[in-house]
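Every number here is computed from the coordinates shown, using simple stated rules; none is lab data. Quick caveat, the model's predicted, so the values are computed rather than measured. Don't worry about glycine lacking a Cβ; one is built from the backbone with ideal geometry, like all the others, and counts go over all protein chains shown.
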Amino acid sequence: MQKKVNTKLGNAQEIIKQYGLTGSDFNNDEIIRFRNQVTVLKDTRHHSYVRHKISDVLVIVVLALLADADEWTKIEDFARKKEKWLREFLDLEHGIPSHDTIQFVLSILDPHQLSQICLKFLMDKIEALSEMKRRENPFKKPDTDIVSIDGKTSRGSAGNITGQEECRPLHTLNAVSSSYGICIGEVFVPDKTNEIGAVEDLLEILDVEGAVVTWDALNTQKKNIENVIDKKGDYVVALKGNHPNLHEEIRDYFNDEVLWLNNPLASFHKTVDKERSSIVTREYILSKEIDWIYDKKSWKGLGAIGCVRRSVIQMNGETTFEKQYYLSSITDVDLFARSARQHWSVESFHWQLDVIFRDDLNNTREKKSAKNLQIMKKTALAILKIVQPLYNKSMKRIRYSLSLDFENEIENIFSALDIEKVKSQLEGK
């Protein structure tokens, strides 16, 4: 079985579980703090036609998303139902904006700027809460962060816009941090065929120093690897047929069973897990014997090659096997195993966006508003992850609970995010 990983999100969740506040301690400070942070967003509207503040619209959107509203019309319906409560901390000088206005406002915002503001709000919360937990054991260092990169297509956004060419679906390249447990960066690409070049753009905005970066075989390119090393990161990246000669050579190398039994340059790790109704065994081997690799120097920072053998035993006794091969700059087999295994987190993240926030069904054709709505969904998803210990149930059910008793439930959530109050609770324990 895998050992429990020491992450910043995990530490933050433990503090919230032990010392998180209830709605009785609530004020609007955290919502107002978020509202104030987004006021710096550039507003390109002509001042003569501005009736609704960007900050008011974005607060409405993130609160509505938390309350189980996924579409523009539902976001408007939520705001109209909660108008009296929203007026406690929003101006709303001209009332509640229509769903068309909400979508228009999101269409004028720069996605990268919006993403960075939301990300800072979230990471500051996780950092502060995690630091409270770390003080209990200041000598226990957090585990190495694994940054997993993969693409997601929002299929519902494809279609035709009247009088225009066919609208391609929105494709996003996301980076998910194992330490923070959230998406820490994204790049929107015109279509999936452009994903390879988009990794370079994504790495430009990511801080990967001291982290291990993972991605699938499609993006295992020499330039991408070079960029990771230049930014003082490490990599564990999959290798398949897009580099046929190297893939075949490494596959043949690991097919030598003697290597798995006795090789001083190889190290091993094994896990056995029960996953649903199956028993899954993973055997990891990492070999530093790489001088034989042709053109080795062109793979910057290459320190080892790896293989993961995965066997699955079903309840009926049927067994399946598969192997995956890797290029790695790290030579520690335990970290290699965690990095290879952790790559699933970005796939899980995409699943959560689709299942919890119905992102795949979003049929917004105007791409900028679609991008920014996805960013707001990621923000809401991150908030739910942080406060999940307050509920001890799925994030989908938390959203449903919010829709049933919004004012009380949202107060619990934002009370838990009030760092100063949680700190006072902790110090007075």
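Which FRET efficiency value, to the nearest 0.05, is calculated for Arg135 and Glu420 with the Förster distance at 22 angstrom and r the Cβ-Cβ distance? The value I calculate is 0.90. Largest first, the three principal axis extents of the alpha carbons in the stretch 292-420 are 64, 44, 41 Å in whole numbers.
For the stretch 240-313, applying the loop criterion from DSSP together with a ceiling of 12 other beta carbons within 10 Å to the trypsin sites (Lys or Arg not before Pro) yields Arg276. Close amide H partners of Leu170, meaning residues 5 or more places away or on another chain with modelled amide H under 5 Å apart, are Ser154, Ser157, Ala158.
Our estimate of slack between Leu404 and Asn28, defined as 0.36 nm per intervening residue step minus the Cα-Cα distance, is 133.3 nm. Karplus-based coupling profile of the stretch 41-48, in residue order and whole Hz: 4, 5, 9, 8, 6, 6, 4, 5, with θ = phi - 60° in 6.51 cos²θ - 1.76 cosθ + 1.60 and x standing for Gly or Pro. The Kirkwood radius of the chain, taken over pairs of alpha-carbon atoms, gives through the Stokes-Einstein law at 20 °C and 1.002 mPa s a diffusion coefficient of 91 µm² s⁻¹. What are the trypsin sites (Lys or Arg not before Pro) within the stretch 353-404 that DSSP puts in a loop, where the Cβ has at most 11 other Cβ atoms within 10 Å? Here the sparse-neighbourhood loop sites are Lys393.
In this entry, the stretch 327-385 is assigned a mean projected area of 5.8 nm², taken as a quarter of its C-alpha convex hull surface. Modelled spin-label separation between Glu93 and Glu322, with each label point placed 7 Å from Cα along the Cα-to-Cβ direction: 5.7 nm. Straight Cα distances below 25 angstrom link Lys222 to the lysines Lys152, Lys192, Lys231, Lys232, Lys240, Lys288, Lys296, Lys297, Lys300, Lys323, with same-chain residues fewer than 8 positions distant left out. For the stretch 223-342, the ratio of Cα radius of gyration to the globular rule of thumb 2.2 N^0.38 Å stands at 1.12. Here the calculated FRET efficiency for Glu249 and Lys84, from their Cβ-Cβ distance with R0 = 56 Å, stands at 0.25, rounded to the nearest 0.05.
In plain terms, the chain from Glu289 to Asn363 could stretch by 21.6 nm, reckoned as 0.36 nm per residue minus the Cα-Cα distance. Largest mean-square fluctuation among Ser394, Ser339, Ser278, in a Gaussian network model of the chain whose springs join Cα atoms under 10 Å apart, belongs to Ser278.
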